[in-house]
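K.L.:
Provided herewith is a single structure, encoded as structure tokens, for subsequent inquiry.
Please treat every number below as a calculation from the coordinates, not as lab data. In this text the structure is predicted, and so the values were computed from the model without any measurement. Cβ atoms come from the backbone with ideal geometry, glycine included; neighbour counts cover every protein chain shown.
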């Protein structure tokens, strides 16, 4: 009888283990998140799993399935990243986050995720201030020192500032051993890039119609200037004031004859937008996108973070799109300061 009980208990344990291995769980706390719907996104064999989940009183619980390790991203309604983690079936992940401090998110539940989040937190000041030279250098040092760690791949694919520099990225990837850059993780990255709306060089910026600070719907065309830089922002951007001042000084330096600044607020609160633009002294016109990122003219761009910049020439050809103004600035200077 004792042996029967023993084998019965083993069977129950095995059954429990089997049940726990057919899914993963993510639980989190967002200190200033309140109650709102957030989106959980990760790649699958068929495309993407995109689930709306209720963050209630700052607490979130999610259950998903993935046989292979994939990067799961959690976005708020403005498509700003709250947290990300590498997960597969059997993982139980926990995180603590703050919308006001996106670089302070702590993730627990596996060594890889803990090391990934520890790196970001330890360099949070540079990430928050947009000091890409410092964060990129730190990532490069980490990759060189940890060629056998999948964290190297995660940092390079998700936190490196300029993945368009193909040779540099390829050189860094070559330093990471094959086992530390599993195919499913690489697929996760490229799939998420596609989901985030990576725009091809063949696509063009056409005329868009938005609400202006003159209280009217107006058409915005790239064709009237040599270059147009579209600046997308929300009042909650950590460095909004500095970003605005930087763009303002650069625009004044170049003059407005050849460079058009298209200033677009993606916030849902029009009263807050009007209050802010009244206090700013911009030489360009200000616009508000009705519906934010879901605006019919903007949804194809799938803007997932702010600030965000799109640079287009007079034909509407897209020269740059991303969150790094320094890159856009270099292209503008190259084109206009010949």
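K.L.:
Scan 144, 138, 100, 85 and give me the residue that is in a loop (DSSP other than H, G, I, E, B) and either in contact (Cβ under 8 Å) with a residue 12 or more places away in the chain or closer than 28 Å to residue 34 by Cα (or both).
P.N.:
Residue meeting the stated conditions: 100.
K.L.:
Residues in region 106-118: is at least one farther than 24 Å from residue 141 by Cβ and not in a strand (DSSP E or B)?
P.N.:
yes
K.L.:
It is to be established whether one or more residues within region 249-256 are in a helix (DSSP H, G or I) and in contact (Cβ under 8 Å) with a residue 40 or more places away in the chain.
P.N.:
So far as region 249-256 goes, yes, one or more of its residues are in a helix (DSSP H, G or I) and in contact (Cβ under 8 Å) with a residue 40 or more places away in the chain.
K.L.:
How many of the residues in region 311-324 are within 15 Å of the chain's Cα centre (by Cα) and on the phi < 0 side of the Ramachandran plot?
P.N.:
3
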